[in-house]
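Everything on this sheet refers to the single structure shown next.
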Amino acid sequence: MDARPDADEAALEPDLPIIDAHHHLWTNNQALAHYALDFMPADLTAAARGHKVVATVYLECHQRYRTSGPEALRPVGETAFAAEIGGRLGGTDVCAGIVSYADMRLGDAIGEVLDAHAEAGRDRFLGVRNMLTCSDDPALPAAYNMAPPGRLLEPATQAAGRQLARRGLTFDTWLFHPQLADLCAFADAAPELTVVLNHIGGYLAAGRAAERPQESFAAWRSALAAVALRPNVVLKIGGMGMDMISPGFAAATEKPSSEQMAAAWRPMFETCVDLFGAERCMLESNFPVDRPAGSYRRFWNAFKRLAAGASPGEKAALFSDTARRVYRLAA
């Protein structure tokens, strides 16, 4: 449950509709208990109190895989899990969209897996995510090395991307910013595919990058600018509570206020919107992974502070319309 570190903050702009474009759910998860042992629909909606979260998109996090049958089909169990626990809770359609895992190395053979996800998803399965972060920086946790380098350059991965496009599905991914040239090549190889880049394009501000913050920021911005030239790529703004982006937030005894969050994140937020435009950006909570840095309510307050100068149309795009369009949500 939400530990209520923001009990002194009321939700700003409580009537602004929000689609949380990226969150996770799990229960009794010992491996991820650092973030929350349990985080289920009731925990999410309780954490959102005061904000008008009309719908959410569930992102794969290796939950409830099948324990038997073909290896490639085992992740379908997570889609069934999200579809079962999702639905309307109060004013929120939880898991209105489900983005699951499928091994993109299957190439054209991925079609069978996608069809199984679609059947299990009860019309909520919308796409696939592969987390592909990797780094040779020994100062970063080994857990961040989620795939060997170059996965998006492999012909099979690119063929799988084209299969997703034929089915009208999206492809989410998370890489670190030094890998973004690979994403450009992948987006060019599957121009009909909508690619959703997670967590502000994997900006690294920790490890070796922390020793040269201005250089690291400039490198991230340059790499992200190249991605923005690909019209089939959209960007999720969020994940900024994680240690590799905001070192120290999670470890702080007194969590930052929404004003402090907004001040720290403004250069990143403004860079993202300047490069992609609000119509190609969507906001994500990344909860409960970002939860150690502060509460759900405080995160959305920070986003609202960051978007305070946006036009009504830009604000609608950031908070709901881009996610609604990209993920084809009815909410």
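The values are calculated or read from the model by the stated rules, or taken from the named source; none is laboratory data. It should be emphasised that the depicted structure is a prediction, and the values quoted were computed from it without experimental measurement. Quick reminder, even Gly has a Cβ in these numbers, built from the backbone with ideal geometry, and neighbours come from all protein chains shown. All accessible areas refer to the heavy atoms of the entire protein, side chains included, with ligands and DNA or RNA removed. Shrake-Rupley method; radii C 1.70, N 1.55, O 1.52, S 1.80 Å.
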(request) For segment 143-157, name all the residues that are closer than 15 Å to residue 103 by Cβ and more than 21 Å from the chain's Cα centre (by Cα). (result) 154, 155, 156
(request) May I ask you to verify whether residue 160 is hydrophobic (A, V, I, L, M, F, W, C), open to solvent by 10 Å² or more (accessible area, probe 1.4 Å) and assigned to a helix (DSSP H, G or I)? (result) no
(message) Within segment 182-207, take every residue that is within 13 Å of residue 132 (Cα to Cα) and out of contact with any helix residue (DSSP H, G or I) (no Cβ under 7 Å at 6 or more places or on another chain) and give me the one that is surrounded by the most Cβ atoms within 10 Å (Cβ to Cβ).
(response) 199
(message) Among the listed residues 137, 123, 108, identify the single one that is part of a loop (DSSP other than H, G, I, E, B) and free of Cβ contacts under 8 Å to residues at least 60 places away in the same chain.
(response) 123
(request) Give the residue that is surrounded by the fewest Cβ atoms within 10 Å (Cβ to Cβ), with candidates limited to residues of segment 32-60 that are without any contact (Cβ under 8 Å) to a residue 60 or more places away in the chain and assigned to a loop (DSSP other than H, G, I, E, B). (result) 33
(request) Tell me, please, whether a residue that is open to solvent by 10 Å² or more (accessible area, probe 1.4 Å), modelled with pLDDT under 95, in contact with a Lys or Arg (Cβ under 9 Å, 6 or more places away or on another chain) and among the basic types (Lys, Arg) can be found in segment 246-259. (result) yes
(request) State which residue is farthest from residue 246 (Cα to Cα) when the search covers only segment 169-181 and only residues that are in contact with a helix residue (DSSP H, G or I) (Cβ under 8 Å, 6 or more places away or on another chain) and either among the charged types (D, E, K, R) or not in a strand (DSSP E or B) (or both). (result) 169
(message) Here is a list: 119, 71. Which entry is more than 24 Å from residue 329 (Cβ to Cβ) and at pLDDT 95 or above?
(response) 71
(message) Taking the criterion of being hydroxyl-bearing (Ser, Thr, Tyr), under 25 Å from residue 37 (Cβ atoms) and surrounded by fewer than 18 Cβ atoms within 10 Å (Cβ to Cβ), would at least one residue in segment 276-288 satisfy it?
(response) no
